[in-house]
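Laboratory data are not the source of any read-out in this text; all were calculated from the coordinates shown. Just so it is clear, the structure is predicted and the values come from calculations on it, not from any experiment. Using ideal geometry, Cβ is built from the backbone for each residue, glycine included, and neighbour counts are taken over all protein chains shown.
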Amino acid sequence: MPSAARAVLVPVLVAAGAWTAVCVIALNTRWWGLPVAVAATVLAAFALPAGWLRGGFTLGWVTVLGLALVGRPEGDWAIVSDWRGYTMLATGLFVLTYAVGTIPRRARKPENPSLPT
């Protein structure tokens, strides 16, 4: 993919990841909301190519989750410490680990290809 297209898509995917996390937080109390939201998050992470695109989506998702974990000034919490909250935390940790773990490595150049090994 050309770098110009990638430069345009990364901010879009950051916003998409943030919006997905907002939906996860908003819908986690419904019986169908959390499984659908987790599946959408994980499938989006698997579908995006490794590197900047997957990293952008993950950055948006994990940032919104982190902001929701801080709490509100009144003392309220957006994410409750029950199995649903821990499922969201585990999803965020999984997506972050997957994005970082699949960053492509740069190919090593041989130091001096003319010398026999």
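What to note about this one:
- Divided by 2.2 N^0.38 Å, where N counts the residues, the Cα radius of gyration of the chain comes to 1.36.
- Computed [θ] at 222 nm, deg cm²/dmol, the chain (DSSP H ≥ 4; -39,500 (n - 2.57); rounded to nearest 500): -23000 deg cm²/dmol
- Local net charge near V12, Cβ-Cβ under 14 Å (Lys/Arg +1, Asp/Glu -1): +2
- Size of electric dipole in the chain: Cβ of Lys, Arg +1 and of Asp, Glu -1, about Cα centre, debye, nearest 20: 480
- Efficiency of FRET between F46 and R72 - r from beta-carbon atoms, R0 35 angstrom, step 0.05: 0.60
- R0 of 41 Å, Cβ-Cβ distance T29-V100: FRET efficiency to nearest 0.05: 0.85
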